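Below: the structure, in structure tokens.
The values are calculated or read from the model by the stated rules, or taken from the named source; none is laboratory data. As the structure is a computational prediction, the values presented were derived from the model and not from experiment. Ligands, DNA and RNA are stripped out before the accessible areas are found, and what is left, the full protein with its side chains, is counted by its heavy atoms. Shrake-Rupley method; radii C 1.70, N 1.55, O 1.52, S 1.80 Å.
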Amino acid sequence: MISRNVARQWMETWDAQQQIYAVRREHRFAVVSKAVKAATGHSDTPIIIDIGAGPGSLAEHIARDMPDARVIAIEADPFLIELGRAAFGKRIEFVETTAGADGWLDAVGVDRIDAAVSSTALHYFAVNDLARLYHDLHKAVSPGDLVVNADHFPSIHSSVNS
């Protein structure tokens, strides 16, 4: 079990490390949170999932901005889940599953998703896996609601034409 103080120290280190390659990361988080808030204003308790959440930095940002939302962090790494739970308590629900794998949406355990977000995770997906993930989200996210990927992708133009 990780203590809350140790978890918060590790989260500071995590966030500093992420900021090195995710330029203007906090600005990205603010833009995503603002977009989610605007798109889900029709719901008293919007359900927002953060895909590939790591220890929940983006999820926590959204939870702070939207205290009435149900924020669910989707992550495959049990250590990062434990770190996030220790750092953020019950403000964020963590679900251990691999986004895009068979049954991953069933593991989330909700009947609707008002918004799906991600940051610095989806660029790791192979093109076909990413297409399957977006297909799953298309079926799960209500019409008029939102999917936001605040990631950066390397150019795939050369690999597509090769």
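Quick notes on this one:
- Counting only protein heavy atoms and a 1.4 Å probe, the stretch 16-150 has 48 square angstrom of accessible area per residue.
- Averaging over all projection directions, the Cα-based convex hull of the stretch 48-113 occupies 4.0 nm² in the image plane.
- Distant-in-sequence amide H partners of Ser142 (H built 1.01 Å from N, under 5 Å): Ile113
- Of all accessible heavy-atom area on the stretch 34-73, the percent that carbon and sulfur account for (1.4 Å): 48
- 3J(HN,Hα) along the stretch 77-84, derived from phi through the Karplus expression 6.51 cos²θ - 1.76 cosθ + 1.60 where θ = phi - 60°, amounts to 8, x, 5, 5, 5, 4, 4, x Hz, with x in place of Gly and Pro.
- Over the stretch 82-148: Rg over Rh, Cα atoms, Kirkwood Rh: 0.97
- Across the alpha-carbon set of the stretch 32-162, the Rg to Rh ratio works out to 0.97, Rh being the Kirkwood radius.
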